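The values are calculated or read from the model by the stated rules, or taken from the named source; none is laboratory data. The shown structure was predicted, so the numbers you read here are calculated from the model rather than taken from an experiment. Every residue, glycine as well, gets a Cβ built from its backbone with ideal geometry; the counts of neighbours run over all protein chains shown.
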């Protein structure tokens, strides 16, 4: 795990345990990963946060990404449930509308403008695992 | 004083309640006990072994911690599929290939043992005659009497069934029946009938875990009992309660869940 810029949180044994639990838990507890996303097709999107649905069963976050031809596409990605994110130290207000972020993840099998989110990187270098690994 | 006796004396000092019960198999067993001498199962726990979907966890982010109970790098042994009668093979294949219809994807109650095996927290509240388990996933709960009563004779079928429990030594044994046929045994399409009968065994370990076993019998569907084993790990103290998980709040995945290639 890497929560590089959250050293204080990292020092908490509880957090380490919880993050460890997340890391080894098959965290797609709600639906099958393979039924929706392609673990063989990792992807990175960069854009501006336009919408944050901090809701169950998964947090959904949307970003506007400008492609090379200037066209803007609004991508949505899903992550852990809010409760899981709270337990590992990602508070709701740490991500804001308008933030410029890049997000790694895996593409949707149905070709829609959405993906499974894994790690968010803010412009200042902070990183956080917002969703589980592919399985 | 022999080493053995010293260990026993030490155990009685630390766990005086143990003195009120018949000598346990391991006198130095450090598991905490309740006032009535039973192993204390109370707390927030979470299964980590096998996913609800039957898939093992990948780990591109790093190594697995010791907290996982020494499991392999893939997060745990893959569970054996339930042994279905041959004539049901086509139905099993169709459901296994239909993840959009999993009770979980539909935000329905998951049944037993799938709820316990789901990798979300549960809280066990143990009292001498009744134990309550509160599950975060699907906001499920179970009320489990352990006062010697049997199941009611006129049960209406339910998702979570009817539970009664007793102690076999230091193991809390829960008998569950009265299920409907709407849940899956796991997350992978393994259905059951309303004749399902599950026996769960909860054993507190010295490693601050609960060893969990569940055996499912369903004679009309399975050729023999099907057993799952897992470890429930304790959450850190800061996680002092299960939280609300209203799955239907924003369940927008369903239209995007597709069947694997080659199935129909």
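What are the pairs with Cβ atoms under 6 angstrom where one residue, in the stretch B:78-100, is closer than 15 Å to residue B:185 by Cα and the other, located anywhere, is assigned to a helix (DSSP H, G or I)? Sequence gap at least six, or different chains.
Hits for this filter: B:84/B:92.
Any residue at all in the stretch A:85-101 that is touching a helix residue (DSSP H, G or I) at 6+ places or on another chain (Cβ under 6 Å) and buried (at least 21 other Cβ atoms within 10 Å of the Cβ)?
Applying the first criterion (touching a helix residue (DSSP H, G or I) at 6+ places or on another chain (Cβ under 6 Å)) to the stretch A:85-101 yields A:87-89.
From the residues that got through so far, the ones that are buried (at least 21 other Cβ atoms within 10 Å of the Cβ) too are A:87-88.
Yes: the stretch A:85-101 contains one or more residues that are touching a helix residue (DSSP H, G or I) at 6+ places or on another chain (Cβ under 6 Å) and buried (at least 21 other Cβ atoms within 10 Å of the Cβ).
Failed condition for residue B:207, given (1) farther than 27 Å from residue A:36 by Cβ; (2) within 14 Å of chain A (Cβ to nearest Cβ); (3) not in a loop (DSSP other than H, G, I, E, B), with all others met?
Residue B:207 satisfies all of (1) farther than 27 Å from residue A:36 by Cβ; (2) within 14 Å of chain A (Cβ to nearest Cβ); (3) not in a loop (DSSP other than H, G, I, E, B) except (3).
Can you work out which of the residues in the stretch A:34-47 that are surrounded by fewer than 16 Cβ atoms within 10 Å (Cβ to Cβ) and more than 12 Å from chain B (Cβ to nearest Cβ) is farthest from residue A:105 (Cα to Cα)?
Per the stated criteria, the residue is A:46.
State all residues of the stretch B:123-176 that are under 20 Å from residue B:44 (Cβ atoms), touching a residue at least 60 places away in the same chain (Cβ under 8 Å) and assigned to a loop (DSSP other than H, G, I, E, B); if no residue qualifies, say none.
Filtering the stretch B:123-176 down to residues under 20 Å from residue B:44 (Cβ atoms) leaves B:123-127, B:130-144, B:160, B:163, B:165, B:172, B:174.
Applying the additional criterion that residues be touching a residue at least 60 places away in the same chain (Cβ under 8 Å) yields B:123-126, B:131, B:134-139, B:172.
Across the stretch B:123-176, the qualifying residue is only B:136.
Among the listed residues B:106, B:126, identify the single one that is at pLDDT 95 or above and surrounded by 14 or more Cβ atoms within 10 Å (Cβ to Cβ). Please lay out each step first, then the result.
Values: B:106 fails: at pLDDT 95 or above.
That would be B:126, the only listed residue that is at pLDDT 95 or above and surrounded by 14 or more Cβ atoms within 10 Å (Cβ to Cβ).
Take the residues in the stretch B:236-245 that are facing chain A (nearest Cβ under 7 Å) and touching a residue at least 60 places away in the same chain (Cβ under 8 Å), then tell me which one is surrounded by the most Cβ atoms within 10 Å (Cβ to Cβ).
Residue satisfying both the conditions and the ranking: B:245.
What's the number of the condition residue A:102 fails, among (1) over 21 Å from residue A:37 (Cβ atoms); (2) more than 12 Å from every other protein chain (Cβ to nearest Cβ)?
Going through the list (1) over 21 Å from residue A:37 (Cβ atoms); (2) more than 12 Å from every other protein chain (Cβ to nearest Cβ), residue A:102 breaks only (1).
Can you tell me which residues in the stretch B:185-222 are farther than 23 Å from residue B:45 by Cβ and out of contact with any helix residue (DSSP H, G or I) (no Cβ under 8 Å at 6 or more places or on another chain)?
Matches in the stretch B:185-222: B:192, B:193, B:194, B:195, B:196, B:197, B:217, B:218, B:219, B:220, B:222.
How about the stretch B:218-235: which of its residues are within 10 Å of chain A (Cβ to nearest Cβ) and assigned to a strand (DSSP E or B)?
Result: B:233, B:234.
Go over the candidates B:261, B:248 one by one and state the one that is modelled with pLDDT of 90 or more, exposed (fewer than 15 other Cβ atoms within 10 Å of the Cβ) and within 14 Å of another protein chain (Cβ to nearest Cβ).
B:248
Out of curiosity, is residue B:180 at pLDDT 95 or above and more than 16 Å from the chain's Cα centre (by Cα)?
The answer is yes for residue B:180.
Of (1) within 20 Å of residue A:99 (Cα to Cα); (2) more than 7 Å from every other protein chain (Cβ to nearest Cβ); (3) at pLDDT 95 or above, residue A:53 satisfies all except one. Which?
It fails just one condition, (2).
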